[in-house]
Amino acid sequence: MSKAHYKTGFISVFRADGDARAAQSGNIIIRWVDRAMRFGISGYGRETRRRLFLVNMAGYLSAISSLSYAINFSLYNFTALKWLVIGNLLSAFLTASAPFWHRYNSIGAAVMMTSTVAVTLFFFVSELGRDSGVQLNYIGAVAIAFVIFGPNHLRIIAFVTFVCIVAHIATVFLFPVGRVQFAIDDSFMAQLYVMSAASIMIILALVVWYAFRIAADAEARSERLLMNIFPEKIANQLRLYPDEPIADRFDEATVMFADIVGFTAMSNKMSPDELIHFLNTIFSRFDAIGKELGTEKIKTIGDAYMAVSGAPDPVEDHSERMLILAIRMLAAIREIAADRGEDLDLRIGIATGPITAGVIGKAKFAYDVWAPTVNLASRLESSGTAGRVQVSIEVYRALKNKYLFEKTKSPNLKGFGKVGSWLLIGPKEG
């Protein structure tokens, strides 16, 4: 290896290692910041935790702002401005302690912070005078009060607003000149005004930005949940027209019922957690296959699985899509059962015909389908054979040129009498 090549390679490795260390350091900092923001908020409900996260954030930012003032005053003239230094250090300590107040109740820290701000700002303006612009922080305090108290404490927010308005007006008229203003030249006073305006605007921007971010995240989660519960078309209708009933008739769609054979006996040997985990594994696999094929899961009832094809989005090949889903579900359940050493299979019934689909009710509502076609698919499943797919005459007629079927003895189905049905053998060759 040449010296140049070696040197280049060494530099590349060094840079890569440096980038990795920088990334790791960045991740550590992010984790510590996140931990600090979440300190003291466990044990509360989700919505309260979000608000207390913002309380901690506002407290830390206020503490940083107060510390910057304390340092600035110390460097400028500690002897003349020592009470301002002490006041800012005390304010920084109190606002930074916000997480420790959560142990008392959910608004303890917010009350402490607003009280601290109200008192210390009044004192600072009395020392520096209104030309310092410190009284501008009362405006920010009102806005932040809405965030840290939340919409459930409007009376407290109204009181804080009243106090801040009175205090702001009072400081403007009571302290045109501050007690220590003689020790401050015009350039430093201008600097204080800039610091006051900039600090409160930055704190407001960060807190309000994060509040909007939380709201956007909550909306996104609600959107994802809605899309997981309902078909996309139905979810959009519910979002746009929440009070209007949703009902559609489809002249032709295909419905499937599948039941896990052998599951009841196996479930007696499983703990509740194992049972739920195993069912989740099976149905999640079915869901993934259905999503790939464009079919729609309607619901699960115990260890039974119901799906529809051709609704809410009509498709011409709905019967074939459903048959492919059934074939792949059979393969999936056998693979899962073999991995666990269990003896499981599916009994599947499929029927094609007109259906009505929609959303009914106001509480715990869900997308569902109704029609004799639905009942027929259910009866074909319950009268079927383990490991086989039993279909109605409409499905057979639609797919007989592409799949092999064998005629069954016409079962006598409740509500239908004797009906023609066929068992799937498999796809035709060629």
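Structure notes:
- Exposure proxy order (Cβ contacts within 10 Å, fewest to most) of LEU346, LEU61: LEU61, LEU346
- A Stokes-Einstein calculation at 10 °C with viscosity 1.306 mPa s, built on the Kirkwood radius of the chain over Cα pairs, returns a diffusion coefficient of 57 µm²/s.
- Restricting segment 278-324 to GluC sites (Glu not before Pro) in coil, as DSSP defines it, with at most 14 other Cβ within 10 Å: GLU316
- Charged neighbours of THR373, selected by a Cβ distance under 14 Å, balance to -3 (K, R count +1; D, E count -1).
- Neighbour counts of C-beta atoms inside 10 Å place ARG397, ARG328, ARG221 in the sequence ARG221, ARG397, ARG328, starting with the fewest.
- Computed E for ILE301/ALA197 - FRET, C-beta separation, R0 45 angstrom, nearest 0.05: 0.10
- In units of the rule-of-thumb radius 2.2 N^0.38 Å, segment 80-179 shows an alpha carbon radius of gyration of 1.11.
- Karplus-based coupling profile of segment 221-237, in residue order and whole Hz: 5, 5, 5, 5, 5, 4, 5, 6, 7, 10, x, 4, 4, 6, 4, 5, 5, with θ = phi - 60° in 6.51 cos²θ - 1.76 cosθ + 1.60 and x standing for Gly or Pro.
- The mean sequence separation of alpha-carbon pairs under 8 Å and at least six residues apart, normalised by the residue count of segment 39-225, gives a relative contact order of 24 percent.
- Centre separation in Å (Cα based) which lies between segment 41-81 and segment 290-366: 55
- Simple label model, 7 Å out from Cα along Cβ direction - ILE360 to VAL315, nm: 2.7
- Pairwise label distance in nanometres, ILE86 with ALA288, each label 7 Å out on the Cα-Cβ vector: 6.8
- Environment charge at ALA398 (Cβ cut-off 13 Å; Lys +1, Arg +1, Asp -1, Glu -1): -1
- Cleavage-rule hits (chymotrypsin sites (Phe, Trp or Tyr not before Pro)) in segment 354-395: DSSP loop, at most 15 neighbouring Cβ within 10 angstrom: PHE365
- Evaluating 6.51 cos²θ - 1.76 cosθ + 1.60 at θ = phi - 60° for every residue in segment 319-332, the Karplus couplings come out as 5, 5, 4, 5, 5, 5, 4, 4, 4, 6, 5, 4, 5, 5 Hz, glycine and proline recorded as x.
- Among 226-234, 375-383, the order from most to least packed when residues are scored by Cβ within 10 Å on average: 375-383, 226-234
- Ignoring aspartates and glutamates fewer than eight residues from LYS400 along the same chain, the ones with Cα atoms less than 17 angstrom from its Cα are GLU316, ASP317, GLU320, GLU429.
- Computed [θ] at 222 nm, helices only, for the chain once each DSSP H run of length n ≥ 4 contributes -39500 (n - 2.57): -21500 deg cm²/dmol
- On the basis of the beta-carbon distance and an R0 of 41 Å, ILE156 and SER187 show a calculated FRET efficiency of 0.50.
- Spread of Cα-to-Cα distances over 5 Å intervals beginning at zero, given as percent, for segment 245-427: 1, 8, 17, 20, 20, 16, 10, 5, 2, 0
- Taking the longest Cα principal axis of the chain as reference, the axis of helix 137-149 is set at about 30 degrees.
- Built amide H within the under 5 Å cut-off of VAL261, gap 5+: ASP345, LEU346, ARG347
- Relative exposure of ILE165, ILE301, ILE203, judged by other C-beta atoms within 10 Å (fewest first): ILE301, ILE165, ILE203
- Rounded to 10°, Cα long-axis angle of helix 372-382 versus longest principal axis of the chain: 80
- The modelled label-to-label distance between ALA220 and SER97, using points 7 Å beyond Cα along the C-beta direction, is 3.7 nm.
- Summing charges over all other residues whose Cβ lies under 13 Å from the Cβ of LEU275, with Lys and Arg as +1 and Asp and Glu as -1, gives -2.
Coordinate-derived values only; no laboratory data. Keep in mind the model is a prediction, meaning the values are calculated, not measured. Every residue, glycine as well, gets a Cβ built from its backbone with ideal geometry; the counts of neighbours run over all protein chains shown.
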